[in-house]
Amino acid sequence: MIATQPLELRAPLSGVLLALDKVPDPVFASRMIGDGLCIDPTSQTLCAPLAGVISNIQDTGHAVSITDDNGVQVLMHIGLDTVSLAGKGFTRLVEEGQRVEAGQALIEFDADYVALNARSVLTLMLVVSGEPFTPLANGLVELGQPVLQVAPGNRIEEADEEEGDALFSKPLTLPNANGLHARPAAVLAQAAKAFSASIYLHKQTQSANAKSLVAIMALQTVQGDSLQVSAAGEDAEAAIAALVALLTQGCGEAVTTPTAVLPATLLRGVCASPGAAFGQVFQVAEPVLNITEQGAGQAVEQAALARGLAAATQALQALQDDAVGSAQAEIFRAHQELLEDPTLLEQAHGLLAEGKSAAFAWNRATAATVELFQGLGNALIAERAADLADVGQRVLKLILGIQDSAWDLPERAILIAEQLTPSQTASLDTRKVLGFVTVGGGATSHVAILARALGLPAICGVSPEVLALANARYVLLDADQGTLQLDPDLAQIEQLETARAQQLLRHQRDMAQAGVPAITRDGHHVEVTANVASLPEVEQSLGLGGEGVGLLRSEFLYLDRNRAPSPDEQAATYTAIARALGTERNLVVRTLDVGGDKPLAYVPMEAENNPFLGLRGIRLCLERPQLLREQFRAILASAGFARLHIMLPMVSLLSELHLARRILQEEAATLGLATLPKLGIMIEVPSAALMADVFAPHVDFFSIGTNDLTQYTLAMDRDHPRLASQADSFHPAVLRLIDTTVKAAHAHGKWVGVCGALASEALAVPVLIGLGVDELSVSVPLIPTIKATVRELDLADCQIIARQVLGLEEAAQVREALRMYQAATVETSPVVEL
Ligand code: PEP
Ligand code: MG
């Protein structure tokens, strides 16, 4: 039935009216549930805004809907996340099916209790049947005062009955901790509306129209309920498949199955490489080596050590030649360098002179240095210790004549180890290995780098009890969640396998389209460039559709050198990289970003108490201007071969920029260069972001380093294993600083890139584009994915979602909002098999 008379809705509470956009909850703010208003209440009895029948009142008493005689349906939801209060603080005064008058008391609530125990007491009144309305009030309102005028007549009537023969899904178990309350119900109804079929959700003998939010809520589902979806009509099959998948995945809510919360069946770690895999445990155990102390004469032992070192050098060369990517090759090149380390060799030869065996001398020398590195309490040097231990073991085995027997890997192996060394992982049969789990290592460890290069999921920092798991036990590794599930159930496995198959298809499609520019559906071009540390990586990036280099981490070019590269060698490196790119592409060279946390062997530094707050980046270079002059000269030699940009890291004061520019001008003048290359700064310290308007007139561009910007904004060490999940670049504080930076840059006609890891996350792309970021400089293997992500978006939508997430309270909410947005976007651009 369709009404013609306008209807006035009265304020259900006294309080202050707010626009829905101001609600810090993406589902309400995006009007997914329905349009209406929000009240910050000053009274505590929710009253009916219109006369009608209670079409639903949640058992928990936090939400109620009324349907009037003309079908206008109004939902009131007291507070945010109040479903989790499980009824505490709420008293229901009416029953479902009861007729109520406008102004009649519906629910009493204890506002103090709600405010203290839930996210917010903000109360929503939404016209969920979809009629348009005009607001009649704003600001402060009194209970019962008219607030909205609804114009019935435009509502699309939905069929109540199923048409034709309905298809039914298999029963599924509802995973949501609080059942299908307003938010997941809205997501489900929204998805159902995309199909023309009539769709119903069944719980025992009750059924609900799956396109009606209120009907779904009226089912009063709880976790563990057995539900079925039925559909009738042309697209019934597709509708059932989509809705069953959505329901098992939690309808936009993070869900855990009952088994997943049992601590004995779930081990946690830190994500080192994303993805998930279901496979069987394979414990990696190293053989015990038998080392005799006494040698058989100095000359014999010296020859044995020399043979071992030579064989190891050769083996490492072969590994570099066969490496999967440049990252892996770099690691083995570094290992080769370690074999030539004079201090290490000196120590070993000293022991040989004392009559020790080659194996003993080498082992003792490497072990002492490993211990020294580990004791320095620095994550990056500790990684070097792991490298040294690895290469030490390689030489030792060669001296002792122990063959590295290939592991007898089962199919679908998930490797478990105290620590996996690059040598162990290099020669893996990747057709059989599905993932890594280690007790040691961190998100920045080499195992993490290798796992990412191989595209395998990996977690590290897992409790040592993982080493006791029996071989061949089936487990589910969910690196995205940082978990190893020991007794996964069938539904979880199926869900994972489907997701994996989808991911694979997407990846294949993205790779095939890597050369297509990153232009949004509404025609906005975003430059997608590469973060690189070597010439081979530049070449690889071009093959993957990279449009230039947005960040050359110059400190990595010579990271493993004991001596500084000569000026000519430096110039040759930059020139080779510039030539590879050509004059049509940007090359952004970042000047040396070394400091306490990124030691450079040939730039000795004093130990610092707070290395992250010490002489890092540009601060160190300005303390040692000779270093900066030399680097500027070498970089300037490559001008003309690419569109050269120079970028200063860790800038926090304007004076640093002025000083560096003067030095650059002097060096350019010495070289007789008429024009300076573009000069920009990294925005990775909050002071630079907050003062971006002051910096902007003095730079040609900004590039935002979200890794450091996050650690300095949240005051959380970026490598801290226990803070890893909180030091999240999706935090609204970081996003607000990006917003400030972009606005300031654009006001002065300057471009802004993001080169921190946030740019390499597909989930972040809509918000970065929406905030106006012009360039995304990303990790090389992810270039095709990020370009494809851009092509699926609309700039106009991104601007809306970006504004919304800036108003949220924490990173998890931002991720949730973006996940929902992503789900909706991906839905409209299906993956096509190539
Ligand atoms: C950053 O801080 O985001 C960045 C790109 O620099 P790095 O990771 O090299 O410190
Ligand atoms: Mg940085």
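The values are calculated or read from the model by the stated rules, or taken from the named source; none is laboratory data. Quick caveat, the model's predicted, so the values are computed rather than measured. No Cβ is skipped: glycine too gets one built from the backbone with ideal geometry, and neighbour counts run over all protein chains shown.
Quick rundown of the values:
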{"quantity": "Among (1) modelled with pLDDT under 95; (2) crowded, with 18+ Cβ neighbours inside 10 Å - the single one A601 does not satisfy", "calculated": "(2)"}
{"quantity": "Test: residue in the range 670-693 that is within 16 Å of ligand 2 (Cβ to nearest atom) and either surrounded by fewer than 16 Cβ atoms within 10 Å (Cβ to Cβ) or among the aromatic types (F, W, Y) (or both)", "calculated": "yes"}
{"quantity": "Selection within the range 693-714 - away from ligand 1 (no atom under 16 Å from the Cβ), within 14 Å of G753 (Cα to Cα) and of a type in the set (A, V, I, L, M)", "calculated": "A696, V699"}
{"quantity": "Selection status of Q570, surrounded by 17 or more Cβ atoms within 10 Å (Cβ to Cβ) and assigned to a helix (DSSP H, G or I)", "calculated": "yes"}
{"quantity": "Residue among A518, A479 that alone is out of contact with any Gly (no Cβ under 8 Å at 6 or more places or on another chain), hydrophobic (A, V, I, L, M, F, W, C), surrounded by 17 or more Cβ atoms within 10 Å (Cβ to Cβ) and farther than 30 Å from P342 by Cα", "calculated": "A518"}
{"quantity": "The range 4-25 residues that are more than 15 Å from L140 (Cβ to Cβ), paired with ones that are of a type in the set (D, E, K, R) and part of a strand (DSSP E or B) (beta carbon under 8 Å, 6 or more apart)", "calculated": "L20/D35"}
{"quantity": "Residue check, D717 in contact (Cβ under 8 Å) with a residue 60 or more places away in the chain, surrounded by 15 or more Cβ atoms within 10 Å (Cβ to Cβ), within 16 Å of ligand 2 (Cβ to nearest atom) and in the same structural domain as E555 (by TED's automatic domain parsing)", "calculated": "yes"}
{"quantity": "Residue under evaluation G582, criteria (1) free of Cβ contacts under 8 Å to residues at least 40 places away in the same chain; (2) surrounded by fewer than 19 Cβ atoms within 10 Å (Cβ to Cβ), criterion not met", "calculated": "(1)"}
{"quantity": "Qualifying residue in the range 516-529 (condition: within 16 Å of ligand 1 (Cβ to nearest atom) and hydroxyl-bearing (S, T, Y))", "calculated": "yes"}
{"quantity": "Qualifying positions in the range 222-235 - surrounded by fewer than 24 Cβ atoms within 10 Å (Cβ to Cβ) and either modelled with pLDDT of 85 or more or among the hydrophobic types (A, V, I, L, M, F, W, C) (or both)", "calculated": "V222, L227, Q228, S230, A232, G233, E234, D235"}
{"quantity": "Residue list for the range 488-507, filter: over 23 Å from the mean Cα position of the chain (by Cα) and buried (at least 16 other Cβ atoms within 10 Å of the Cβ)", "calculated": "P488"}
{"quantity": "In the range 54-63, residue nearest to the chain's Cα centre (by Cα) [restricted to those that are crowded, with 22+ Cβ neighbours inside 10 Å and assigned to a loop (DSSP other than H, G, I, E, B)]", "calculated": "H62"}
{"quantity": "Those strands (runs of 3 or more DSSP E) lying entirely in the range 407-494 with at least 1 residues out of contact with any Asp or Glu (no Cβ under 9 Å at 6 or more places or on another chain) and charged (D, E, K, R)", "calculated": "474-478"}
{"quantity": "Subset of the range 96-136 (residues that are closer than 21 Å to P6 by Cα and small (G, A, S))", "calculated": "A102, G103, S129, G130"}
{"quantity": "All helices (runs of 4 or more DSSP H) inside the range 607-691 with 1 or more residues being within 16 Å of ligand 1 (Cβ to nearest atom) and modelled with pLDDT under 95", "calculated": "617-623"}
{"quantity": "Test result for L219, at pLDDT 90 or above, closer than 24 Å to S84 by Cβ and of a type outside the set (D, E, K, R)", "calculated": "no"}
{"quantity": "Scan of the range 9-53 for residues that are part of a strand (DSSP E or B) and of a type in the set (A, V, I, L, M), ordered by number", "calculated": "L9, V16, L17, L18, L37, I39, L46, V53"}
{"quantity": "Cβ-Cβ under 7 Å pairs, at least 6 apart or on other chains, the range 50-65 side over 19 Å from S84 (Cα atoms), far side modelled with pLDDT of 90 or more and among the basic types (K, R)", "calculated": "V53/R99"}
{"quantity": "Matching residues in the range 743-760 - criterion: being away from ligand 2 (no atom under 16 Å from the Cβ) and surrounded by fewer than 24 Cβ atoms within 10 Å (Cβ to Cβ)", "calculated": "K743, A744, H746, A747, H748, G749, K750, W751"}
{"quantity": "Residue check for I738: at pLDDT 95 or above and either farther than 23 Å from D480 by Cα or small (G, A, S) (or both)", "calculated": "yes"}
{"quantity": "Candidate set: the range 761-774, residues that are in contact (Cβ under 8 Å) with a residue 60 or more places away in the chain and surrounded by fewer than 24 Cβ atoms within 10 Å (Cβ to Cβ); chosen: the one nearest to the chain's Cα centre (by Cα)", "calculated": "A762"}
{"quantity": "Any chance N154 is modelled with pLDDT under 80 and over 22 Å from S230 (Cα atoms)", "calculated": "yes"}
{"quantity": "Test: residue in the range 620-637 that is crowded, with 21+ Cβ neighbours inside 10 Å and within 16 Å of ligand 2 (Cβ to nearest atom)", "calculated": "yes"}
{"quantity": "Filter result (among the polar types (S, T, N, Q) and either crowded, with 21+ Cβ neighbours inside 10 Å or in contact with an Asp or Glu (Cβ under 6 Å, 6 or more places away or on another chain) (or both)) within the range 18-46", "calculated": "T45"}
{"quantity": "Boolean, L372 is of a type outside the set (D, E, K, R) and either surrounded by 15 or more Cβ atoms within 10 Å (Cβ to Cβ) or in the same structural domain as N531 (by TED's automatic domain parsing) (or both)", "calculated": "no"}
